[in-house]
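Participant: Before anything else, here's the structure in question.
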Amino acid sequence: MTGNSGSPTLRAILVPYDSGRRGFRMGRGPEHLLENGLEEALRRARLAVRPVVLELGDAPPLEVAAAFALNKRIAEEARAASGAGESPLVLSGNCNACVGTVAGVGAEGLGILWFDAHADFNTPETTTSGFVDGMGLAIAVGDCWGSMAATIPGFVPVDAANVVLVGARDVQPAEQERLDEAGIGVVAGGPAGDRRWYEGLGAALDGLRTRVARVYVHLDLDVLDPEKVGKANGFAVPGGLTRGELEEALVMIRERFSVAAVGVASYDPGLGEEGAVLETAFSCIAVLEARDPAP
C-alpha cells in the first residue's frame with residue numbers, strides 16, 4: 001500500500017507500555033519517537049507512516065496479563081497491516097512485543113534477528129528478577145509461557161535454530177547455557193574497527209539464509225554503545241554498537257532477506273539523551289524499510 005504521495009506505507013503500531021503500565025519509563029518511548037521526528041525522517045526516505053496506538057483499556061494492570069493482552073492486539077494489527085500491503089513497524093516499551101509481531105506476520109519460514117544488549121532468554125525457572133521483558137525471545141521460540149502464548153491468534157513458535165542474537169553483552173549464566181543448548185547463533189560486538197565482527201555476522205546471516213527467506217528484525221536500542229551514541233534506557237551497559245556499525249549490519253540483512261516486520265523497543269526518553277539515539281532509531285528504520293527487495 002502507498003500513502004497519498006505514492007510512498008510505501010508503514011503501519012507504525014505503538015505500544016506505549018512498560019510492565020503493564022502506560023507511559024511508564026520505556027512506555028514513553030513509542031509516542032516520543034512519533035512526536036519527535038519519525039514521520040519526517042521517514043518521509044525523507046520516501047516512506048509514509050500510518051500510526052496506530054494500542055490501548056489496554058480495562059485489562060488488569062498485571063505485567064504478565066498486560067503483556068499478552070497487548071500481544072493479541074499487536075498480532076491483529078500486524079496481520080491487518082500485512083494484508084493491506086503495509087509494513088508492520090512495532091514501536092514498544094518492552095521487547096516481549098515480539099511475540100505478537102511474530103504471530104501477526106506468521107512464523108513459517110521466518111527467522112529472527114535480535115539486536116539487544118541482553119539475550120531476553122530467561123524463563124520463569126531461570127529468572128532472578130521476575131521481569132517478563134527478560135523472557136521475550138524465550139517466549140517467541142516456545143520455551144516458556146506456552147499456555148499464555150497460545151491465546152494469541154496465529155502464534156506458532158519460531159525454530160530457535162533460525163534466531164541470530166547480535167550485540168548482547170549482558171547475559172546471565174543460565175541464559176548462556178540455554179542459548180548454547182538451543183543452538184541460537186550469537187554474534188558479539190568486537191573492538192572498534194575490527195572487521196572480523198562483520199565477517200562473523202555475514203557468516204551467521206548466510207547460514208540463516210539457507211533456511212529462511214524472510215525475517216523479523218528486533219532492535220532494542222540498548223544494543224547501542226551508551227558512551228558513543230547515548231543511553232537508550234536504564235538497562236544499558238558499556239560497550240555495544242555505534243550508529244555506523246548498526247546501520248551496516250542492517251544493510252547486510254536487507255541484502256539477504258525480505259524484512260517481514262521491524263520492532264523497535266526499550267527507548268526511555270526520560271533519561272534526557274535524545275538526539276543521537278533518536279536519529280539512530282530513525283535511520284535504522286529507514287534502512288530496514290527500504291523498498292529494494294532482497295535478492
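The values are calculated or read from the model by the stated rules, or taken from the named source; none is laboratory data. Just so it is clear, the structure is predicted and the values come from calculations on it, not from any experiment. Glycine also receives a Cβ, built like all others from the backbone with ideal geometry; neighbour counts cover every protein chain displayed.
Participant: In this structure, does GLY134 turn out to be assigned to a helix (DSSP H, G or I), within 19 Å of the chain's Cα centre (by Cα) and not hydrophobic (A, V, I, L, M, F, W, C)?
Facilitator: yes
Participant: Looking at this structure, is GLU125 charged (D, E, K, R) and either touching a Cys at 6+ places or on another chain (Cβ under 7 Å) or assigned to a loop (DSSP other than H, G, I, E, B) (or both)?
Facilitator: Here the answer is yes, as GLU125 does meet what is asked.
Participant: Moving on. Hey, could you check segment 32-73 for residues that are part of a helix (DSSP H, G or I) and in contact with a strand residue (DSSP E or B) (Cβ under 6 Å, 6 or more places away or on another chain) and say which is nearest to ALA232 (Cα to Cα)?
Facilitator: LEU33
Participant: Now, a different point. Assuming SER147 fulfils every condition listed in (1) at pLDDT below 95; (2) among the hydroxyl-bearing types (Ser, Thr, Tyr); (3) out of contact with any Asp or Glu (no Cβ under 8 Å at 6 or more places or on another chain) apart from one, which condition is it?
Facilitator: (1)
Participant: Right, here's the next one. Within segment 124-134, does at least one residue satisfy the condition of being closer than 27 Å to ALA249 by Cα, touching an Asp or Glu at 6+ places or on another chain (Cβ under 9 Å) and among the aliphatic types (A, V, I, L, M)?
Facilitator: No; the residues of segment 124-134 include none that is closer than 27 Å to ALA249 by Cα, touching an Asp or Glu at 6+ places or on another chain (Cβ under 9 Å) and among the aliphatic types (A, V, I, L, M).
Participant: Now for a different question. Only one of VAL229, VAL287 is of a type outside the set (Phe, Trp, Tyr) and either farther than 20 Å from ALA12 by Cβ or buried (at least 24 other Cβ atoms within 10 Å of the Cβ) (or both); which?
Facilitator: VAL229
Participant: Sort through GLU35, GLU55, GLU76 and tell me the only one that's more than 17 Å from the chain's Cα centre (by Cα) and without any contact (Cβ under 8 Å) to a residue 12 or more places away in the chain.
Facilitator: Sole residue among the options that is more than 17 Å from the chain's Cα centre (by Cα) and without any contact (Cβ under 8 Å) to a residue 12 or more places away in the chain: GLU35.
Participant: Name the single residue that is nearest to TYR267 (Cα to Cα) among those in segment 28-64 being small (Gly, Ala, Ser) and surrounded by 15 or more Cβ atoms within 10 Å (Cβ to Cβ).
Facilitator: Per the criteria, the residue is GLY29.
Participant: List every residue pair whose Cβ atoms sit under 7 Å apart, with the two residues 6 or more apart in sequence or on different chains, where the first one lies in segment 161-177 and is at positive phi and the second, anywhere, is part of a strand (DSSP E or B) and surrounded by 15 or more Cβ atoms within 10 Å (Cβ to Cβ).
Facilitator: Cβ pairs passing all conditions: GLY167/PHE115; GLY167/LEU241.
Participant: Out of GLY230, GLY234, GLY207, GLY239, which single residue is under 28 Å from ALA161 (Cα atoms) and part of a loop (DSSP other than H, G, I, E, B)?
Facilitator: Of the residues listed, the single one that is under 28 Å from ALA161 (Cα atoms) and part of a loop (DSSP other than H, G, I, E, B) is GLY239.
Participant: Look at ASN94 and say whether it is over 21 Å from GLY27 (Cα atoms) and crowded, with 20+ Cβ neighbours inside 10 Å.
Facilitator: no
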